[in-house]
1. Considering each residue of the range 116-155, count those that are open to solvent by less than 70 Å² (accessible area, probe 1.4 Å) and outside any helix (DSSP H, G or I), and give that number.
2. What number of residues within the range 195-224 are among the basic types (Lys, Arg) and in contact with a helix residue (DSSP H, G or I) (Cβ under 8 Å, 6 or more places away or on another chain)?
Amino acid sequence: VLATYNVALNERDERVRTKVQAAAAAIYGDSWNYYSDALRPEIAEGFVRTIDAVSQTNQPVRYLEIGSCQGLSMSLIAGLLHDRNALGSLLSIDPYFETGYIEGGSGPYAKAEQVAVTKNTKACAMRLYAQLGLNVEIIERTSADGLIELIRNARTFDLVYIDGSHEQLWPAIDFGLCNAILRSNGVLILDDHMWPDVQPIKHLCDKHAIKIQETWKTASYRLR
């Protein structure tokens with residue numbers, strides 16, 4: 001059971017958050033928050049601090065998200081960027097497997113579960129983006145394949161959110177490849193940093209990067 005946090009966003013950012021939540025609820029019904037928690041106020045507040053740090057250059061922000069699921073975090077971050085006149089491009093890497101995937105065996109609760117993020121999830125996420133007026137490019141491949149494609153095409157990003165597989169070597173692979181496409185002084189967000197296979201990446205960032213924010217779910221760093 002998650003604790004209750006006394007976090008209140010300012011009126012402008014709360015308006016963005018509630019708009020995304022209402023659109024997600026209209027599409028997904030009661031399951032709008034499946035496998036996400038991105039719109040919880042304390043998590044949204046972490047995204048706000050991240051956006052404020054990355055949008056200080058007054059240049060359009062190129063945003064990459066690895067693992068978009070139902071599209072909640074993509075929509076929220078895009079909305080926050082748009083509200084600050086800092087929205088550049090939006091790119092998602094997510095394989096959206098036909099039958100979902102299994103995750104959790106080496107997670108904090110040591111319980112493997114079938115995660116129902118499928119082709120239907122992608123279709124609903126696209127509906128959410130369209131409803132919110134967002135133009136999101138999707139690379140429907142695994143994170144490693146998608147990131148290698150971006151490296152080959154010399155594409156770079158100002159903000160990257162690593163929210164792919166949290167188990168085995170995947171967090172390390174994603175982190176290493178993302179370093180190759182992150183622009184100088186770019187910002188990287190780690191998701192679910194309490195997972196055992198993500199913790200070593202967070203320890204490296206705590207030691208060698210500039211921390212912007214940390215919640216129980218995410219931590220953001222400016223890489224030097």
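The values are calculated or read from the model by the stated rules, or taken from the named source; none is laboratory data. In this text, all values refer to a predicted model and were calculated from it rather than measured experimentally. A quick note on method: Cβ atoms are made from the backbone with ideal geometry, for glycine too, and the neighbour counts reach across all protein chains shown. Accessible surface areas use protein heavy atoms only, side chains included; no ligands, DNA or RNA. Shrake-Rupley method; radii C 1.70, N 1.55, O 1.52, S 1.80 Å.
1. Counting residues in the range 116-155 that are open to solvent by less than 70 Å² (accessible area, probe 1.4 Å) and outside any helix (DSSP H, G or I) gives 11.
2. The initial filter retains those residues of the range 195-224 that are among the basic types (Lys, Arg), namely 202, 207, 211, 217, 222, 224.
From what is left, the residues that are in contact with a helix residue (DSSP H, G or I) (Cβ under 8 Å, 6 or more places away or on another chain) are 211, 217, 222, 224.
Number satisfying all stated conditions: 4.
Here is a yes/no grid of residues against (1) open to solvent by 20 Å² or more (accessible area, probe 1.4 Å); (2) of a type in the set (Val, Ile, Thr):
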{"position": "Leu159", "(1), (2)": "no, no"}
{"position": "Ile162", "(1), (2)": "no, yes"}
{"position": "Ala180", "(1), (2)": "yes, no"}
{"position": "Arg183", "(1), (2)": "yes, no"}
{"position": "Asp191", "(1), (2)": "no, no"}
{"position": "Trp195", "(1), (2)": "yes, no"}
{"position": "Ile201", "(1), (2)": "no, yes"}
{"position": "Lys217", "(1), (2)": "no, no"}
{"position": "Arg222", "(1), (2)": "yes, no"}
